[in-house]
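Trainee: For reference, the structure I am asking about is given below.
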Amino acid sequence: MVTTVSRLREIQMAIVGAGPHALTLVTHMLQKRQEMRGKFVVFDPSGGWLSQWSAAFGAQEIPHLRSPAVHHPDPDPYALRRFAENRPQELFPPYDLPGTKLFEDFCRETIARWQLENTVEQAKVTRVEPLGKRGFRLELDGERRVMARRVVMAMGGGRPSLPDWVEKIQTPYPSDRLCHSLAIDLRQMALRGDRVLIIGGGLTSGHLAIGALEGGATVTLMVKRQLQEKLFDADPGWLGPKYLKGFAAEADWQRRWELIQQARNGGSMTPAVVTRLRRESRNGRLGIYEECQVVEAAWNQGEWQIICNNGAEYTCDRIWVATGTKLDVMAEPLFADILEAYPIPIIQGLPVLDEHLRWPGCELFIMGGLAALQVGPVARNLSGARMACDRIQPALTKATVPKSFSRWH
Ligand SMILES: Cc1cc2nc3c(=O)[nH]c(=O)nc-3n(C[C@H](O)[C@H](O)[C@H](O)COP(=O)(O)OP(=O)(O)OC[C@H]3O[C@@H](n4cnc5c(N)ncnc54)[C@H](O)[C@@H]3O)c2cc1C
Ligand SMILES: NC(=O)c1ccc[n+]([C@@H]2O[C@H](COP(=O)([O-])OP(=O)(O)OC[C@H]3O[C@@H](n4cnc5c(N)ncnc54)[C@H](OP(=O)(O)O)[C@@H]3O)[C@@H](O)[C@H]2O)c1
């Protein structure tokens, strides 16, 4: 066993995922320690940076970000604003929200400026095995293996969360007639004349509804509460001490989880999107059913027959469930070996990490929504990436690993 391990390619730091969080980490790390160049490898099945981000913005035809221009992967908060000097029309009100293309061009420029074009290796990480003091053995695409002294998990958003009634549908149906939002690409769909039912009150529902209307469909939006209108996912007070001081002082992890839920308060749409939807509703092209939920759906003679919890019955051609994603470290196979070797408390699917977002007992770090018990309600957002870097960075720059690792330096 030891002989096999010693022959494997050795990496100082493996980063799993090449989304905005990983990019933020890498630029911040290089800014602090140029000597890290060449000592980390980013793995992503796409082989490039931000592929999932670009795919999601393209598929939902999202015109601009929800977050203001200071939130992006470069360490200089004003870098995007400077980049946009000659493109002011691509910063949208009310708080200079970057246009989708502007943001992507900026990220491309950032990747080039930090010479990161060739740092993403095309591979899906299929297993992360902790080997004690020897670090981790990573399995790539179920075949190759590499050794890494440290691992950063930056894999993004979790698994699709589906309403219970979807699992209970008895009748067979064509797979394209009921889709989770992650599987929808508005650019590829012929919707003219179709009746589309969209479930969920988050911004994804809003964009999909607008896209379907523009594609010529008749749309019904079904929301289990009232539509929530919010500029951002969480109040900007969660970006600094205003709320984070109290959050950090909360020693009860379950209570912290509750604070996160309260701060995000489920799904919400921006005022601009709600205004557009209300207008479409007044014009009769969009039905908005609030405080309404599906209890049963059946595919019958080429259409969906829906029964709602208020007794209403309804027919449509397509159902899109924009019900978000669920983050659960226990359900993610990549964490199985870590959980077994280093059992730690898990609160509602979120691991209790140390202050550096490190899995207690080993040199594995987590960015994104799974780090929310430490970072707070914006952990999964672009702002959360920067906050995660501020925590991970000191642990990376300090020699926190045993001497037996010194050969890796
Ligand atoms: C449609 C949409 C719009 C959003 N808009 C905003 C916004 O405007 N502002 C904001 O602050 N936040 C926004 N968010 C929230 C958040 O910023 C994004 O979800 C962002 O993409 C998160 O970055 P990430 O790097 O954590 O994850 P991702 O962008 O999902 O990147 C993770 C990467 O990990 C890779 N990966 C996954 N598993 C593996 C594996 N086993 N091996 C190797 N690689 C793997 C994936 O291929 C992916 O490329 C938005 C989210 C969505 C869904
Ligand atoms: N930049 C952009 O323009 C943009 C575009 C899209 C998304 N985003 C971001 O992406 C993230 C995810 O957004 P999202 O809209 O995909 O997910 P989301 O914000 O988690 O919203 C999911 C919605 O589905 C509802 N829901 C969940 N389970 C349900 C069920 N069983 N039955 C009925 N409804 C159910 C939720 O209801 P409750 O509200 O009652 O919980 C919520 O309204 C957010 O951070 C968002 O800001 C950004």
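Trainee: Where in region 127-193 are there trypsin sites (Lys or Arg not before Pro) that are in a DSSP coil and have at most 11 other Cβ atoms within 10 angstrom of their Cβ?
Mentor: Lys168, Arg192
Trainee: Explain nothing, just the number: relative contact order of the chain, from Cα pairs under 8 Å at least 6 residues apart, as a whole percent.
Mentor: This gives 20 percent for the chain.
Trainee: Right, here's the next one. When only C-alpha pairs under 8 Å and at least 6 residues apart count, what is the relative contact order of region 79-222, in percent?
Mentor: 11 percent
Trainee: Viscosity 1.002 mPa s, temperature 20 °C: what is the translational diffusion coefficient of region 29-165 from Stokes-Einstein with a Kirkwood Rh over Cα pairs, rounded to a whole number of µm²/s?
Mentor: After rounding, the answer is 123 µm²/s.
Trainee: Any chance you could give the angle, 0 to 90 degrees and rounded to 10, that helix 20-32 forms with the longest Cα principal axis of the chain?
Mentor: The helix 20-32 is inclined about 30 degrees to the chain.
Trainee: Would you list Thr126, Thr270 from the most to the least accessible area, probe 1.4 Å?
Mentor: If we order Thr126, Thr270 from most to least accessible, we get Thr126, Thr270.
Trainee: Give me the Debye-computed log₁₀ of I(q)/I(0) at q = 0.12, 0.21 Å⁻¹ for region 265-349, equal point scatterers on Cα only, no solvent, two decimals.
Mentor: Per q value, in the given order, log10 I(q)/I(0) is -0.65, -1.09.
Trainee: Highest GNM mean-square fluctuation, the chain, Cα pairs closer than 10 Å: which of Gly202, Gly376, Gly216?
Mentor: In this elastic network of the chain, the residue with the biggest mean-square fluctuation among Gly202, Gly376, Gly216 is Gly216.
Trainee: Next question, about the same structure. Nearest 10 degrees, 0 to 90: what angle lies between the long axis of helix 382-397 and the longest principal axis of the chain (Cα atoms)?
Mentor: 10 degrees
Trainee: Please quote Rg/Rh for the chain to two decimal places, taking the Kirkwood radius as Rh and restricting both calculations to Cα atoms.
Mentor: 0.99
Trainee: Give the lysines reachable from Lys133 as a straight Cα distance under 21 Å; neighbours fewer than 8 places away on the same chain don't count.
Mentor: Counting by Cα, and skipping residues close in sequence, Lys133 has these lysines nearby: Lys39, Lys398, Lys403.
Trainee: Further, regarding this structure: Using heavy-atom solvent-accessible surface (probe 1.4 Å) with all chains present, what is the largest-first order of Val295, Val128?
Mentor: Heavy-atom accessible area, descending, gives Val295, Val128.
Trainee: Ordering Thr323, Thr24, Thr275 by accessible area with a probe of 1.4 Å, largest first, what comes out?
Mentor: I get Thr275, Thr323, Thr24, largest accessible area first.
Trainee: Going by Cα centres, region 90-163 and region 353-376 are how many Å apart?
Mentor: One Cα centre to the other: 16 Å.
Trainee: Evaluate the charge dipole of region 240-385 about its Cα centre and quote only its size in Debye, nearest 20, assuming +1 on the Cβ of each Lys and Arg and -1 on the Cβ of each Asp and Glu.
Mentor: So the magnitude is around 860 debye.
Trainee: Ok, one more. Cα axis of helix 253-264 to longest principal axis of the chain: angle in degrees, 0 to 90, nearest 10?
Mentor: Orientation of helix 253-264: about 50 degrees from the principal axis.
Trainee: Please state the relative contact order of region 36-156 as a whole percent: Cα pairs under 8 Å, 6+ residues apart?
Mentor: Relative CO of region 36-156 lands at 26 percent.
Trainee: Right, another one. Roughly what % of DSSP beta bridges within the chain run antiparallel, to the nearest 5?
Mentor: Here the antiparallel bridges make up roughly 45 percent for the chain.
Trainee: Rounded to the nearest 20 debye, what is the charge dipole size of the chain about its Cα centre when +1 sits on each Lys and Arg Cβ and -1 on each Asp and Glu Cβ?
Mentor: 1160 debye
Trainee: Which lysines, on any chain, are close to Lys224 with Cα under 25 Å apart, when same-chain ones fewer than 8 places away are left out?
Mentor: The reachable lysines, counting only those whose Cα sits under 25 Å from Lys224, are Lys168, Lys326.
Trainee: Can you return the aspartates and glutamates within cross-link range of Lys101? Criterion is Cα-Cα under 14 Å, with same-chain partners fewer than 8 residues away left out.
Mentor: Cross-link targets: Glu61, Glu90, Glu109.
Trainee: While we're looking at this one, here's another question. Summarise the accessible area of region 5-102 (1.4 Å probe, protein heavy atoms) by the percent that is carbon and sulfur.
Mentor: Carbon with sulfur: 56 percent of the solvent-accessible area.
The values are calculated or read from the model by the stated rules, or taken from the named source; none is laboratory data. The structure presented is a predicted model; accordingly, all values stated were derived computationally and were not measured. Methodologically, a virtual Cβ is constructed for each residue, glycine included, from the backbone with ideal geometry; neighbour enumeration extends over all protein chains shown. Only protein heavy atoms, including side chains, enter the accessible area calculation; ligands, DNA and RNA are left aside. Shrake-Rupley method; radii C 1.70, N 1.55, O 1.52, S 1.80 Å.
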